[in-house]
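Novice: Before I ask anything, here is the structure I am working with.
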Amino acid sequence: MEELMLGKGGRTRILALDEAFGEALAPDRVDLLEGELRPQSLLRLSRNTARLLKQLMTVTEKGLGVTRYVYSELPILWVVDSVGKLWFSIEEVVNATTREYIFPRARNFRTADGMQKLGHPALIEAGPGRIGGEILFDLDRKPSAVWCITNGSGRYGTRPGRTPDHLANAAKEFARYGIKLQDVFIPTMARNRT
């Protein structure tokens, strides 16, 4: 419906975004606070934010043990929104009652009762997203550790219709700013349409 009101140029842009990053889909699940709160670490990819992110990544690659360990366990979430903007943050955990920030969520860490994680939907106000996932420093890659980008988001990245090309195009967005990421595609989930 929105496409019809955009005019020819708008439809062309929507089709280009659909081809590059996949169709914008609403998340099939939004946790309690993900539609209300934004992560404190949330940034839109731009020349300035990319410069800072690249500095962090370079220090990590050069061997700073603190960041090598932290970013091998603490994913940087990213998502492309419906208009093609790329957002990133760490996954933050907040107190579900007070809404105060508690700590960043590490991989495979279950949040305790009374706590709420701000996952991928929180990055884009729980709106439609094209593709999303995680950026991690993979210490196990051979011949040497490398920064990887995955489509590891159940709400935006592993939905039906997402392809390795969509992930590669997201990696190219980072590469436009000099951030080199190894793309690691996770096969999309099959969903029942009943």
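Novice: Taking percent of Cα pairs over 30 Å apart straight from the coordinates, which label in (i) 20; (ii) 17; (iii) 28 is the correct one?
Specialist: So the structure-derived entry is (i).
Novice: Another one. Under a cut-off of 12 Å between alpha-carbon atoms, report the aspartates and glutamates in cross-link reach of K85, not counting same-chain residues fewer than 8 places apart.
Specialist: E173
Novice: Follow-up. Within a 10 angstrom radius of the beta carbon, how do T12, T60 rank from fewest other beta carbons to most?
Specialist: Ranking T12, T60 by Cβ neighbours within 10 Å, fewest first, gives T12, T60.
Novice: Sort T98, T150, T67 so that the residue with the fewest other Cβ atoms within 10 Å of its own Cβ comes first and the one with the most comes last. Intermediate values should be presented prior to the final figure.
Specialist: Values: T98 9, T150 23, T67 18.
Ascending Cβ contact count within 10 Å gives the list T98, T67, T150.
Novice: Within a 10 angstrom radius of the beta carbon, how do E23, E173 rank from fewest other beta carbons to most? Present the calculation step by step, with values, prior to reporting the outcome.
Specialist: Details: E23 17, E173 20.
In increasing order of surrounding Cβ atoms, one gets E23, E173.
Novice: Taking Cα pairs under 8 Å and at least six residues apart, what relative contact order does the chain come out at, in percent? It would help to have the intermediate numbers written out before the result.
Specialist: Working: 365 pairs, mean separation 47.5, N = 194.
Reported as a whole number, the value is 24 percent.
Novice: Cut-off under 18 Å on the C-alpha distance; same-chain residues fewer than 8 positions from K180 excluded. Which lysines are left, in chain and number order?
Specialist: Straight-distance partners of K180: K54, K62, K142, K172.
Novice: Nothing charged except the Cβ atoms of Lys and Arg (+1) and of Asp and Glu (-1): what's the magnitude of the dipole of the chain about its Cα centre? Round to the nearest 20 debye.
Specialist: Roughly 520 debye, rounded to the nearest 20.
Novice: Would you calculate, for the chain, the mean residue ellipticity at 222 nm contributed by helices, counting each DSSP H stretch of 4 or more residues as -39,500 (n - 2.57) and dividing by all residues, to the nearest 500?
Specialist: -9000 deg cm²/dmol
Throughout, read-outs are computed from the coordinates displayed, never taken from laboratory work. Since this is a predicted model, take the numbers as computed values, not measurements. Note that each Cβ is placed from the backbone with ideal geometry, even for glycine, and that neighbours are counted across all protein chains shown.
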